[in-house]
Each structure stands twice: as C-alpha cells, then as structure tokens.
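Dropping the structure in here first, questions after.
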Amino acid sequence: MAVETLLKKKTSAPDVYEVDLLSATDEQLKEISTTMGLALALEEMKRIKDYFQKKKRRPTDIELQALGQAWSEHCCYKSSKIPLQQHVFGIEERRIVAREDAGVIEFDKNHYYCAALESHNHPSAVEPYGGAATGVGGIVRDIVCMGSQPIAYIDPLFFGPLDLPTDKVPKGTKHPRFLFKGVVDGIRDYGNRIGIPTLSGQVYFHPGYTGNCLVNVGCVGIMKKEELIHSRAKAPGNVYVYVGGKTGRDGIHGVTFASAELTDESEESSRSAVQVGDPITKEPVIHVTLECNRKGLLEGLKDFGGGGLSCVCGELAYDAGFGAEIHLDKVPLKEEGLSPWEIWISESQERMMFLVDPANVDNVLHICKQWDVTAAVVGKVIGEKVTRVFYKDVKILEMDMAFFTAGPVYDTCQRPYVLPQQKERAGDPDFPLPDLNNTLQQLLSSHNIASKEWVIRQYDHEVRGNTVIKPLQGTIGMQTHGDATVLKPLEESFQGLAVTANINPRFMEREPYWGACAAIDETCRNLVAVGAHPDSVCDCLNFGNPEKPKKMGEFYEACRGLGDAARAVKLPFVSGNVSFYNESVKTAVPPTPQLMGIGLVKDIRKCITTDFKTEEDPVYLVGNGTKRELGGSEYHALMNVDGGSVPKTDFAVLTACMKGLLAVIEKGYLAACHDVSEGGIAVCLAEMAIGGNKGATVDLTNVGTSERADVKLFSESNTRWIVEVKKDQKKSFEALMTKCRVPFTSIGVTKGKNVVVVNEGETLVTQQVATLRDVWKHTLWNVMG
C-alpha cells in the first residue's frame, strides 16, 4: 500500500490531511516518516501510533509534522540527556541564575551576563553563506530572549583542508575553500550589519571536516538584574504576540534535517531547510524586544528557533505547566499558499514570541508599530495541559503537552555505546630530527597555526566601542594572535569580560577523555593569560551518529572529560548545545566538543597581551613540565607521524598556576603572557616576537627531561605559559610564584630582532622576526586571495 493511500483530506479544514497511521504496517510507518520528512525511527512512529489509537482517531499531517520537530535530536536531546546528566550537569549550579535559551550568571551586584553557544553545521554545509548568517541570527535571539543586550559574537569554524585536490572532494560536497569563504562572508555580513562585534573564535582545518564542516556560533550579552525574563508563561490568559519577520517556506524541516546524516543528495534535497536571514529586520526586532521588556510589558519571551511555531508555542506553555491555543491564520506570511503544517514548522528568521498580559497588548503593538516591526496576536495560554491549533476556526491539532513537547529520552538500551580504544602506541615513535629552522617556518605557515587575519579583518570587532583587548595584539601593523579578547561592557565600571574559544580535534580523535580535559585546560590558560579569572564555559558538542555505538562511546568519554575537568577547576557549564549526525558519505567528523570560555576581569586597565614589549626583560616558562606529549600535535601532523601520547592535565598544578599568574598580573609584574598550545614553545615564542617586533634569546636546557630537542620545541604539553617579566619586578615575580607554589623556569631574555633557541649549548633555532612574520602572516591571504 503506497503512503498516498493513507492520506485523507480533512473535509472540515482546507489543506489539512488525516494520516491513517492506525492501519499502517511497520514498513509503512517507516515510509511515512521518510516521505513526510519526519526523521523519526520506527519505535517512535509506533509510539505515536499507540497514542492516537488511545485517542481513537487518525492524526493530521500537522500533528505528525509537529512531533517530527519536537522529537528531533536537535530539539529534545533524546540521545544526550543521560550522559550529560551523569557527567556535565550539576557543577557549580548554585551560581547559575537561569539556563534556558541562554545561560545567565552574575557579572556584578547589579548586572548579569548572558551566554550561549550553538551549531549551524548542516545548513552551512549545504548553503554556507545563508547557513552561517542565520546561525549568527539565531544565537543573538537566544541572548535577547533572556532580556539581555548582545555585546559580542564568537565563531569557531572547522573545515576540510584548503589545499584539497578537487578530484578528492566527495560527491555532493563543496570544496573547503568555497565553504570557508561563504561561511566567513555570512558571519561578516550579518554580524556587521546588526552592529554586534565578532571578536573571538577558532578556525581549524582537518580532513575529517571535508564532508561536513562545523559552524558554531556563540554570543555574550549584558543586562541589569531586574531585566531578566524567562522563557515560560506566567498564567493562563497570557497572550501570544508574534513579532518580527514574516513566515515563509524557508527553513522547512530545519531541525529534522539537522538530525540526520548528510548524503550526496543533501545539496539538492535539503536546500529548503536552510533559513534566509534578514539582518536589517533583526536590528529593530532587538530594539522592540528589549524596550518592551524594560517597560515591564512582557510576561514571557522566547525566540523562534528550531521547529518554529511548533516548538516555541508549546515550550513557553509546557515549562510553566500550562497549555496553548494558537490560530494559524493570524500568522503574518511572506506569501500566499502555505499549508497549515508549513506555517506551523517553518523556521523563517527574525521572529520572536512575546507573552503579554491582555491589558498590555495594545502598548506592545504600538511599540512594534513605532519601530516598523510586524506584530500580531496569534493565540493564548490556557490552563489545560494541551496544545490546540486552529486554522480558519477549524481545530487541526490537539495533543497533550507531556506527549507532544517532552519527547523521548534514550538510555543505553536504545543508545548502546562502545568506549573508544586508546590510539597511543606502546612507545613514542622515533624518527630522524628534521631541520628545526625549516620545521618552525613550516609550522608557522601551516593552516591551523598561520595568522587568521584574513578572517578577523573582515569582522567588525570594535563596533559598540567596548573591545579593549582585541583578537590581534601588538605593534600596529605587526599584530599577533591573542589568547582571549576583553570587553568593557559597562560605562560606569572598569570590570571586564574576557572571551575565548577552544578545542583540539586531533587530541579528541585520539583520546576523547584527555582531549576534553585539554580543552578545559586551554580555556583556563587563555583567560588567565589576559588577567581574567575563569568564570564559566559554554559547550557545543559536535559528534557523529549517536545510533552508532562507537560514536556514542566518544560522546560519553568527552562528557566524562569535560565534567571531571570543569569540576576540578570549579567551572559551571552555563549553557550548551548538542549537534549529532555530523557525518557524510565518507566519514564522521572528529569528536568536537567546542568550548567558549568566559572570564571576569576586576580591572581592565591591568590586562596584558601576548606581544613582547621591552628589551632585556626576563622570559620565563610557567607551569607544568614539558613532556614527550606529541600525540595529536601539529608537529606530528607536519611530519606525517602517527602515535605518541596525548597531553594530560594535572588539575592541582593548573589550579595553582591560575592563582599564581592572576596574582602577578594583578600586581603588574608581567609585560606579556601567552599560553603554549599548537606548535609548542617554539611557535609560542615566535608569535610573541611577531606581535612585539622584538626577538628573544632562550635556553631550553632546563625545560623538560626529553633528550630530543624537537620535543622541547614542539611538545604541546598542557598547563604552560611563556611570560615576559618586567626587569625591575623579577625578584618580586619569583617570590610570589614560589609562595603560590607555581612551577617556573627562567629561560632567557627579550633581545634584538632574532628568535634564538639553544639547548645543552647547541643552537636549535635562529630566525629573524621579520622572516617568521612573513611566513606566518601571508598563508591564508595567499590561499584565499
């Protein structure tokens, strides 16, 4: 029996069909799910069938479409809730004020800051410009719907190799260069046009992202404490007021598209699932929303995210223990001819849903009219725990809230997992030492280490005038990468917020547990390097297909690592997102639990940057020992060497180092600080020299215990910084670090225009700063034009 024979037009409602689910076989249930784009498994379809059998009626097409959205992996987190509850939730929860569309935590006695991090991976793989732009648009709404003014964007991005031969690009996949340019263009145009600075992020290239790029987007906001609003109703009778862009056919099945693997046909079949952004509409929508909230006219507030009306209406009521009644023919449309189910699940952009007391509706509509923003009353909150949808006065959807909105949760029976095998070898690989001068240059010009100025300069990272420590730091025209950026969010205070983004996919693919620990470690290092106390993290967990036990095992191990590390340094996860099914025809992406770290700065005037400042200042290595931990390193990737140990973290050392470094920065003893990460000590020194246009002479004899010089230069062991100490503060620095029990080693001085590194009396590296800058700065410009 064909699926079409199971559809029967509902005579009382135009353009609505009943689906004869009750008589469908298992094969037909699967076919219905596929044909209607529901992306629901057979067991889920059978559960729906059982529900409507008990109701003694056939479901409508809009009811099935609604369940496809609400029960998608993207919306209900059915595969990830249990491991998150086991490992990630519950860390420093007392400090979190709210965790809804975004997380809220205290900034000072009068203000909260707000943060969120999400993914827009599948849309960006299909249509990079639109996918990235609407990702930015979506994350800013998450901040606004908490009552917060957005003040910064963060954009971690992951692509396949830029130099991939065209004949190696999988069918149905775009070349990484095309994706890279399109994504950056989309973020640039949307972020710049609504006047929010894009000031931090990450760009990483790896063959595993060739078939499925990752586009993660983060946002930070600031608000007065009394302006916090929640994403739930207050009482029956609250009126649903639709505000913003009109509803069209763009973004149909966006969440179900994001809850399945990409195929070689996704380019054509899923293009309509990509939303169309409109930053010119978004700007006044932000103003309307914040003005109505500040005037106390709103009872609840939520943005239209995944699932559109279908999810936003139900979630606002369900979270408060109420129900919803919606009239679809009241929804403003872009075009005529949309079916009711299309209106219900469309993910058209720039839309907010206000909950308003009936007495304040006219005031809200008047403010919207003043800003020339579309607004319409579309329904109300009801006491009964049911969602009812009407179209031209005919009821076309009615489902219990607990069934419709809550969604399934899968345990290890439905989502079994196999823990990943360690990829370490019995011993570290031995190979002849290369020319270390050439190797340093090759590392500096490699795509993961080379300057990201080509990206950064396209973003307006100074709009609003709050960016005090910028993403590029150092002498004008010679800037280097910073570890974190710093904002001054309030006019009346010198207190600041620092932001950074981190993950090392090569560590993750080898050792998900220790790779996740390393991400927390590096996040702390970056924040501390500018003088910020790490305060919270957001996570966006990008993984493969959770229905595959090995991929689910990677997820469990990553969650365990994140939880153990965050608990050790007392960092709460203020907000988060899970993105599964990041797989294409060829392969899954490397496990990528992207982190966005946020730190508090007591006084922005005491912040420091990464660039060397003054001649003859002493240079120190601070922190953990330099070990033979080259597994997953950029050096091993360059040398095409497999094996080796992934860096481990000693959390007691990390905690002591954070305390000590923050103390010496507070005292003003440091001129520069940079964390040691990709490329090891050699790359760290080079980047500090590039930014300051100043060399250094360094001796690594007392650094680490390895007999191999390349280990001392390029090991990526965790919990290490290189600092430039003001020469007149050397004794004070050493005394305070000793008091804080922080390991440190004097390794040299800033000097001249060359970077010189020696070990055991042998010169390993001698490079002019200008040469290092040249190979580091121009790589991406040369590739991208």
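The values are calculated or read from the model by the stated rules, or taken from the named source; none is laboratory data. Small disclaimer: the values here were computed from a predicted structure and weren't measured. All Cβ positions, glycine included, derive from the backbone under ideal geometry; neighbour counts span all protein chains shown. Ligands, DNA and RNA are stripped out before the accessible areas are found, and what is left, the full protein with its side chains, is counted by its heavy atoms. Shrake-Rupley method; radii C 1.70, N 1.55, O 1.52, S 1.80 Å.
Basic (Lys, Arg), open to solvent by 50 Å² or more (accessible area, probe 1.4 Å) and in contact with a helix residue (DSSP H, G or I) (Cβ under 9 Å, 6 or more places away or on another chain), is that true of LYS731?
The answer is no for LYS731.
I need a count of the residues in region 671-704 that are under 26 Å from MET508 (Cα atoms) and either among the polar types (S, T, N, Q) or assigned to a loop (DSSP other than H, G, I, E, B) (or both).
Residues that pass the stated criteria total 5.
Does CYS657 count as touching a His at 6+ places or on another chain (Cβ under 8 Å), open to solvent by less than 40 Å² (accessible area, probe 1.4 Å) and at pLDDT 95 or above?
No.
Here's something else I'd like to know. Please count how many residues of region 608-632 are open to solvent by less than 20 Å² (accessible area, probe 1.4 Å), in a loop (DSSP other than H, G, I, E, B) and closer than 18 Å to HIS674 by Cα.
The total comes to 6.
Within region 45-69, which residues are open to solvent by less than 10 Å² (accessible area, probe 1.4 Å) and assigned to a helix (DSSP H, G or I)?
Hits for region 45-69 are MET45, ILE48, PHE52, ILE62, GLU63, LEU64, GLN65, ALA66, LEU67, GLY68, GLN69.
Could you please let me know if LEU443 is assigned to a helix (DSSP H, G or I), open to solvent by less than 60 Å² (accessible area, probe 1.4 Å) and not aromatic (Phe, Trp, Tyr)?
Against the criterion (assigned to a helix (DSSP H, G or I), open to solvent by less than 60 Å² (accessible area, probe 1.4 Å) and not aromatic (Phe, Trp, Tyr)), LEU443 qualifies.
Going through THR405, THR412 one at a time, which residue ends up being β-branched (Val, Ile, Thr), surrounded by 18 or more Cβ atoms within 10 Å (Cβ to Cβ) and within 30 Å of ASN545 (Cα to Cα)?
Exactly one of THR405, THR412 is β-branched (Val, Ile, Thr), surrounded by 18 or more Cβ atoms within 10 Å (Cβ to Cβ) and within 30 Å of ASN545 (Cα to Cα), namely THR405.
Go through (1) in contact with a His (Cβ under 7 Å, 6 or more places away or on another chain); (2) buried (at least 22 other Cβ atoms within 10 Å of the Cβ); (3) farther than 23 Å from GLY544 by Cα for GLU100 and report which single condition fails.
The number of the failed condition is (2).
Moving on. Restricting attention to region 374-391, and to residues there that are in a strand (DSSP E or B), touching a Gly at 6+ places or on another chain (Cβ under 9 Å) and β-branched (Val, Ile, Thr), which single residue is nearest to PHE354 (Cα to Cα)?
VAL381
Please specify each residue of region 362-375 satisfying the condition of being open to solvent by 20 Å² or more (accessible area, probe 1.4 Å) and touching a residue at least 12 places away in the same chain (Cβ under 8 Å).
The answer is ASN363, LEU365, TRP371, ASP372, THR374, ALA375.
If I filter region 202-246 down to residues being among the small types (Gly, Ala, Ser) and at negative phi, which single residue comes out as surrounded by the fewest Cβ atoms within 10 Å (Cβ to Cβ)?
Of everything passing the filter in region 202-246, ALA235 is surrounded by the fewest Cβ atoms within 10 Å (Cβ to Cβ).
Here is a yes/no grid of residues against (1) touching a Leu at 6+ places or on another chain (Cβ under 8 Å); (2) crowded, with 19+ Cβ neighbours inside 10 Å; (3) basic (Lys, Arg):
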{"site": "GLU291", "(1), (2), (3)": "no, no, no"}
{"site": "LEU298", "(1), (2), (3)": "yes, yes, no"}
{"site": "LEU316", "(1), (2), (3)": "yes, yes, no"}
{"site": "GLU325", "(1), (2), (3)": "no, yes, no"}
{"site": "ILE343", "(1), (2), (3)": "yes, yes, no"}
{"site": "SER346", "(1), (2), (3)": "yes, yes, no"}
{"site": "VAL356", "(1), (2), (3)": "yes, yes, no"}
{"site": "ALA359", "(1), (2), (3)": "no, no, no"}
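May I ask you to list the residues in region 459-478 that are of a type outside the set (Val, Ile, Thr) and open to solvent by less than 40 Å² (accessible area, probe 1.4 Å)?
Matches in region 459-478: TYR459, HIS461, ASN466, PRO471, LEU472, GLN473, GLY474.
Could you please give the count of residues in region 472-511 that are more than 30 Å from GLY643 (Cβ to Cβ), out of contact with any helix residue (DSSP H, G or I) (no Cβ under 7 Å at 6 or more places or on another chain) and part of a loop (DSSP other than H, G, I, E, B)?
Qualifying residue count for the region: 9.
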